[in-house]
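A.B. asks: Provided herewith is a single structure, encoded as structure tokens, for subsequent inquiry.
The values are calculated or read from the model by the stated rules, or taken from the named source; none is laboratory data. These numbers were taken from a predicted model, which means no experiment stands behind them. Counting neighbours? That spans all protein chains shown, and the Cβs are built from the backbone with ideal geometry, glycine included.
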Amino acid sequence: MTRPKILVIKGDGIGPEVIGASLQVLEELGFDAEWIFREAGYEYYVRTGKPYQDDLLDVAAEVDAIYKGPIETPKAGGYKSVTVTLRRELDLYANIRPFKSYPRVALNPNVDIVIVRENTEGLYIQAEVMLGKGQAVALRLATRKAAERIARKAFELALELGKKKVTLVHKANILKVTDGIYLEEFYKVAQMYKGVIEADDVIVDAAGYYLVRNPSRFQVIVTANLYGDILSDVAAGVAGTMGLFGSANVGDEKAMFEPVHGTAQDIAGKGIANPTAALSAAIMMLRWLSARGYGRKLARMADVLEKAIYDVIREGKVLTPDLGGNAKTIEFAEHVAKKALEYMGD
Ligand code: ATP
């Protein structure tokens, strides 16, 4: 069987620590891939004056998958987000983020949702201008094409995962035109799944409230770019900590896998970041590659890795500081790998 070709971008802040630890775990489990390493991000920009290596987008277009750490985008300056560029260039239109409550750290034990976030438009087109006199405006793009395909992706995913309901989150009571498009396309797609998957919609502020107070109200959430970005962090905070959740940026053919969290500059370089989010992203990548003909063994690897992580956290003997322990990134990763290897043998 041919090996998958995977582009790795370790990123900024804790990126190299968590991606490095995760790659070590994958190697110990015997995952065989052709890894291609490239640099991108703010640290690379400071060193070279460029946001990413010249051939990055060409390599990204040619590999089977991309595995990347968080990349810092400074709040000021003419520097465009590398992550947003990759999502747009490769048309990775769906950002799929599963959140399931973890033992010990979840504020609510009942979170079991997938957030499907539109990834290519909305306010993330970065079209902002100063109008002068202390006024600025940001343009938000909403297209029927993007609204339709993200809704379709959410329903397909619901079927695949055995979920019974898809909820559109929006603010169409205020943004009647842009969110109006999302609402209309959502219910058109929902018609095709009538009788199989329930469809409803919730205003974004209420969705934030339900996520905290009554998360089992949701199974699959589909939403526009900014709402999805914000609600993901809320979901992470309710289901566990920022260090725990991975995501997949998926197009029709290509996919990029990354932790949900950012660069965590407050703990970068200390060797204490939790590698679980990076590992969770790797688990999603293994399943995605397996479904694309790279072997059932990869799906099995994903399953044992997922079980090993849950069990290590439940047992609570080796935990990183964000989970209340004092283990280093590498100690935690090694413990997970050891357990996963035991399960592989079973
Ligand atoms: P960015 O600007 O890159 O989004 P940020 O610091 O605003 O970065 P995060 O990086 O997501 O946002 O961090 C939010 C909080 O969660 C920080 O206190 C950070 O230390 C913590 N955190 C994030 N990821 C991890 C991780 N993998 N392990 C432990 N703590 C983490």
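A.B. asks: Could we say that Asp233 is modelled with pLDDT under 95 and not assigned by TED's automatic domain parsing to the domain that holds Thr83 here? Outline the logic, then answer.
C.D. replies: Details: modelled with pLDDT under 95: yes; not assigned by TED's automatic domain parsing to the domain that holds Thr83: yes.
Here the answer is yes, as Asp233 does meet what is asked.
A.B. asks: Okay, moving on. Hey, among Val189, Val129, which residue is in a helix (DSSP H, G or I), of a type in the set (Val, Ile, Thr) and more than 30 Å from Pro103 (Cβ to Cβ)? Show your work before the answer.
C.D. replies: Numbers: Val129 fails: in a helix (DSSP H, G or I).
Only one candidate qualifies: Val189.
A.B. asks: Another question about this same structure. If you take the residues in region 228-255 that are without any contact (Cβ under 8 Å) to a residue 60 or more places away in the chain and under 24 Å from Ala138 (Cβ atoms), which one is nearest to the chain's Cα centre (by Cα)?
C.D. replies: So, considering only residues that are without any contact (Cβ under 8 Å) to a residue 60 or more places away in the chain and under 24 Å from Ala138 (Cβ atoms), the one nearest to the chain's Cα centre (by Cα) is Asp233.
A.B. asks: Look at Ala282 and say whether it is under 19 Å from the mean Cα position of the chain (by Cα), closer than 21 Å to Ala235 by Cβ, assigned to a helix (DSSP H, G or I) and more than 12 Å from the ligand (Cβ to nearest atom).
C.D. replies: Taking the combined requirement at face value, the residue satisfies it.
A.B. asks: When residues of region 154-183 are filtered for being of a type in the set (Asp, Glu) and touching a residue at least 12 places away in the same chain (Cβ under 8 Å), how many remain? Full working, then the answer.
C.D. replies: At the first step, the residues of region 154-183 found to be of a type in the set (Asp, Glu) are 156, 160, 179.
Pick out the ones that are also touching a residue at least 12 places away in the same chain (Cβ under 8 Å) and you get 179.
Final tally of qualifying residues: 1.
A.B. asks: Among the listed residues Ile115, Ile71, Ile96, which satisfies the condition of being buried (at least 22 other Cβ atoms within 10 Å of the Cβ) and over 25 Å from Gly20 (Cβ atoms)? Before the answer, list the steps.
C.D. replies: Values: Ile71 fails: over 25 Å from Gly20 (Cβ atoms); Ile96 fails: over 25 Å from Gly20 (Cβ atoms).
Step by step, each of Ile115, Ile71, Ile96 is checked, and only Ile115 is buried (at least 22 other Cβ atoms within 10 Å of the Cβ) and over 25 Å from Gly20 (Cβ atoms).
A.B. asks: Further question: Looking at (1) surrounded by 19 or more Cβ atoms within 10 Å (Cβ to Cβ); (2) farther than 16 Å from Gly246 by Cβ; (3) touching a Ser or Thr at 6+ places or on another chain (Cβ under 9 Å), which is the only condition Arg300 fails?
C.D. replies: For Arg300, the exception is condition (1).
A.B. asks: If you don't mind, there's one more thing I want to ask. Those residues that are of a type in the set (D, E, K, R), within 23 Å of the chain's Cα centre (by Cα) and part of a helix (DSSP H, G or I), I need them from region 30-49; list them, please.
C.D. replies: Passing the criteria: only Glu43.
A.B. asks: Given the options Ala190, Ala146, Ala158, name the one that is modelled with pLDDT of 95 or more and either in contact with a helix residue (DSSP H, G or I) (Cβ under 8 Å, 6 or more places away or on another chain) or basic (Lys, Arg) (or both). If you could, list the steps in order and put the result at the bottom.
C.D. replies: On the way: Ala146 fails: either in contact with a helix residue (DSSP H, G or I) (Cβ under 8 Å, 6 or more places away or on another chain) or basic (Lys, Arg) (or both); Ala158 fails: either in contact with a helix residue (DSSP H, G or I) (Cβ under 8 Å, 6 or more places away or on another chain) or basic (Lys, Arg) (or both).
The unique qualifying residue is Ala190.
A.B. asks: Let me ask another. Being surrounded by fewer than 23 Cβ atoms within 10 Å (Cβ to Cβ), closer than 30 Å to Val222 by Cα and either at pLDDT 95 or above or under 19 Å from the mean Cα position of the chain (by Cα) (or both): is that true of Glu89 here? Spell out the reasoning first.
C.D. replies: On the way: surrounded by fewer than 23 Cβ atoms within 10 Å (Cβ to Cβ): yes; closer than 30 Å to Val222 by Cα: yes; either at pLDDT 95 or above or under 19 Å from the mean Cα position of the chain (by Cα) (or both): yes.
Considered against the rule, which asks whether it is surrounded by fewer than 23 Cβ atoms within 10 Å (Cβ to Cβ), closer than 30 Å to Val222 by Cα and either at pLDDT 95 or above or under 19 Å from the mean Cα position of the chain (by Cα) (or both), Glu89 comes out as yes.
A.B. asks: Okay, moving on. Looking at region 67-76, is at least one residue within 30 Å of Gly316 (Cα to Cα), outside the structural domain of Asp311 (by TED's automatic domain parsing) and touching a strand residue (DSSP E or B) at 6+ places or on another chain (Cβ under 6 Å)?
C.D. replies: For region 67-76, residues within 30 Å of Gly316 (Cα to Cα), outside the structural domain of Asp311 (by TED's automatic domain parsing) and touching a strand residue (DSSP E or B) at 6+ places or on another chain (Cβ under 6 Å): absent.
A.B. asks: Strands (runs of 3 or more DSSP E) wholly in region 193-272 with at least 1 residues that are within 30 Å of Val59 (Cα to Cα) and within 14 Å of the ligand (Cβ to nearest atom) - which ones?
C.D. replies: Because the criterion is at least 1 residues that are within 30 Å of Val59 (Cα to Cα) and within 14 Å of the ligand (Cβ to nearest atom), the strands (runs of 3 or more DSSP E) in region 193-272 that meet it are 246-250, 255-259.
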